[in-house]
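The values are calculated or read from the model by the stated rules, or taken from the named source; none is laboratory data. All of these numbers come straight from a predicted model, not from anything done at the bench. Ideal geometry is used to build each Cβ from the backbone, glycine not excepted, and the neighbour counts take in all protein chains shown.
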Amino acid sequence: MRLVLLGPPGAGKGTQAERLVARYNIVPLSTGDLLRVAVAAGSPLGLKVKDIMARGELVPDDLVVALIAERIDAPEAKNGFILDGFPRTVKQAEALDRLLAERGLKLDAVIELKVDESMLIERIEKRIAQTRAKGHTARADDDPAVLKQRIAHYRKQTAPLSDHYQRKGSLVAVNGMRAVDEVETDIERALQERVPVGG
Ligand code: AMP
């Protein structure tokens, strides 16, 4: 199973990705997580992207495309993967189309989680509070001003991807404002309709 999860920051992509990973025995590929690991490790990539990420801006396409290409080729991804936070621009989507075509692979579906902006801010505030309650430091970009910036980038650069995937016939839109279990059930149902069991 090869999936893409689309949705603005705070839409619940991370939570749903975890559930899909467990259900289909596929690997999660989150560019945000991979980049945060690079920043924490202080690697050359991490040093390049640290300030860009803290400002809530997008990291250059070539860097994230290279990161994803490497992970798609890893043996762990043989059974499939779920991309979370990638692609985020039409250019990245086109690069992904090429990457997959070169390998004779196809996406089974692109799941878009649809959530109103007012709810996104509420959810991120909750995520910050929960992180602090556990005694951890919140992400540098989980900050109300930066969040607005991330949502604006989403609207401008990532939202057009719905059209890209709609045209390709792979888009599945799901209401992301329902409870986590309900969203999971809706995704499941939509996937079963698209990808028949055993097929
Ligand atoms: P996320 O965890 O998906 O919210 O990503 C956190 C931050 O990582 C974003 O605000 C960007 O700075 C960077 N990032 C993650 N994925 C991408 C991507 N596909 N393209 C560009 N920047 C990205």
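For Leu105, indicate whether it is of a type in the set (A, V, I, L, M, F, W, C), assigned to a strand (DSSP E or B) and on the phi < 0 side of the Ramachandran plot.
On the way: of a type in the set (A, V, I, L, M, F, W, C): yes; assigned to a strand (DSSP E or B): no; on the phi < 0 side of the Ramachandran plot: yes.
It is false that Leu105 is of a type in the set (A, V, I, L, M, F, W, C), assigned to a strand (DSSP E or B) and on the phi < 0 side of the Ramachandran plot.
Taking the listed residues Ala11, Ala54, the one that is at pLDDT below 95, over 14 Å from the mean Cα position of the chain (by Cα) and not charged (D, E, K, R) is Ala54, with no other qualifying. Set side by side, the residues Asp51, Asp62 differ, and just one is closer than 26 Å to Arg167 by Cβ, within 16 Å of the ligand (Cβ to nearest atom) and among the charged types (D, E, K, R), which is Asp62.
Beta carbons closer than 7 Å, at least 6 apart along the sequence or on distinct chains, pair a first residue in the stretch 11-28 that is in contact (Cβ under 8 Å) with a residue 24 or more places away in the chain and on the phi < 0 side of the Ramachandran plot with a second that is buried (at least 21 other Cβ atoms within 10 Å of the Cβ) and acidic (Asp, Glu) for Lys13/Asp84; Gly14/Asp84; Ala17/Asp84; Pro28/Asp84. Looking across the stretch 162-176, just one residue is among the β-branched types (Val, Ile, Thr) and farther than 14 Å from Asp108 by Cα, and that is Val174. Evaluating Val59 against the criteria (1) modelled with pLDDT of 95 or more; (2) assigned to a helix (DSSP H, G or I) leaves one unmet condition, (2).
Return yes or no: is Ala93 assigned to a helix (DSSP H, G or I), away from the ligand (no atom under 14 Å from the Cβ), in contact (Cβ under 8 Å) with a residue 40 or more places away in the chain and of a type outside the set (Asp, Glu)?
Working: assigned to a helix (DSSP H, G or I): yes; away from the ligand (no atom under 14 Å from the Cβ): no; in contact (Cβ under 8 Å) with a residue 40 or more places away in the chain: yes; of a type outside the set (Asp, Glu): yes.
Judged against the criteria, Ala93 is not a match.
Evaluating Arg150 against the criteria (1) assigned to a helix (DSSP H, G or I); (2) more than 23 Å from Ala93 (Cα to Cα) leaves one unmet condition, (2). Inside the stretch 160-178, residues that are without any contact (Cβ under 8 Å) to a residue 60 or more places away in the chain and under 15 Å from Gly10 (Cα atoms) make up a count of 1. With respect to the conditions (1) under 30 Å from Asp51 (Cα atoms); (2) free of Cβ contacts under 8 Å to residues at least 24 places away in the same chain; (3) not in a helix (DSSP H, G or I), Asp141 falls short on a single one, namely (2).
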